[in-house]
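**Student:** Handing you this structure, nothing more for now.
The values are calculated or read from the model by the stated rules, or taken from the named source; none is laboratory data. Here the structure is a predicted model, which means the values were calculated and not measured. FYI the Cβ positions are ideal-geometry reconstructions off the backbone, even for glycines, and counts take in every protein chain you see.
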Amino acid sequence: MATISKTPSATWKAIIRKRGWPTTIKTFRTKRDAQDWARRTEDEMVRGVYINRAKSDRLLLGDALDRYLREVSPTKKPTTASAERHKAKAVKNFFSDFSLAAISPDLVAEYRDTRLEDGKSPSTVRLELALLSHLFTIAIKEWRVGLTYNPVANIRKPPPGKGRDRRITPQEEKILIKACTDHSNPMLGWIVRTALHTGMRAGEIKSLTRQQVSLSKRVVLLTETKNGSARMVPLTQKATSVLHEALEHPICPLDTDLIFWGEPGRDGKR
């Protein structure tokens, strides 16, 4: 049976002591609210479905997102973690002052519509919603905040954007290669030509090491890819020639196996 009492600050405290359940306490502004909560909570306990929502009531989304960026994002690839930090800014600006328990599907839908009205692409909004959804999944499954559902799962997502189908024209390619080749740093020309002749992503090319390239077999083994699966990239004659030039460059630092290297950053990495 719940105990309802008035506090010195003129609020109402409801205390539920029930065998088999931890003592549950919550404070309300009115006696009616305290009675209604106590009745619902006792009913959930009787039916065995009660979940303590105190954590989700207190935890602001801004704080939850900060924890996610500290604990979850660093376990992902550096490029993914960086992208999540960028997407988190918009999510945080909108939801920062809401507790996790206060975020409803209607509120998430309002965020979606606001971002689209602000001119953001459907793909950008989809990625921001994906971050918000994963935050709720982690909060429910690992942080045990007392939520019963993910509000992002119950809204319509913007349709994915159309894929790119434009190919650079021969004339554009000629101009691009000349501009890059004329640059003082030969790496730029090699990187651009490698991209043109292999279709590899920028991150895959920048992280390419000598061990991944076999000029005799004319293949590149990519171990770190966007989807996490290794893949073999066949090399055309032009691509093989470009990589041969890069590998034979007479000035190569001894402290790196990277084919396309730069000056060390503040962390000492090239």
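**Student:** Quick check on the stretch 233-243. Is at least one of its residues within 30 Å of Lys76 (Cα to Cα) and under 30 Å from the mean Cα position of the chain (by Cα)?
**Tutor:** Yes - at least one qualifying residue is present in the stretch 233-243.
Here's the yes/no breakdown for (1) small (Gly, Ala, Ser); (2) in contact with a Phe, Trp or Tyr (Cβ under 7 Å, 6 or more places away or on another chain):
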site: Asp66; (1), (2): no, no
site: Leu69; (1), (2): no, no
site: Pro78; (1), (2): no, no
site: Arg85; (1), (2): no, no
site: Phe94; (1), (2): no, yes
site: Ser99; (1), (2): yes, no
site: Ser104; (1), (2): yes, no
site: Asp113; (1), (2): no, no
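**Student:** Tally time: how many residues in the stretch 172-213 are surrounded by 13 or more Cβ atoms within 10 Å (Cβ to Cβ) and small (Gly, Ala, Ser)?
**Tutor:** Result for the stretch 172-213: 4.
**Student:** Any idea which residue in the stretch 103-152 is surrounded by the fewest Cβ atoms within 10 Å (Cβ to Cβ), counting only those that are under 17 Å from the mean Cα position of the chain (by Cα), farther than 16 Å from His86 by Cα and in contact (Cβ under 8 Å) with a residue 60 or more places away in the chain?
**Tutor:** Among those residues, the one meeting the criterion is Ile138.
**Student:** For the stretch 4-19, enumerate the residues that are in contact (Cβ under 8 Å) with a residue 12 or more places away in the chain and not in a strand (DSSP E or B).
**Tutor:** Once the filter is applied, which keeps residues that are in contact (Cβ under 8 Å) with a residue 12 or more places away in the chain and not in a strand (DSSP E or B), the stretch 4-19 yields Thr7, Thr11, Arg17, Lys18.
**Student:** For the stretch 157-167, state whether one or more residues are assigned to a loop (DSSP other than H, G, I, E, B), surrounded by 17 or more Cβ atoms within 10 Å (Cβ to Cβ) and at pLDDT below 90.
**Tutor:** Within the stretch 157-167 (the criterion being assigned to a loop (DSSP other than H, G, I, E, B), surrounded by 17 or more Cβ atoms within 10 Å (Cβ to Cβ) and at pLDDT below 90), the answer is no, since none of the residues qualifies.
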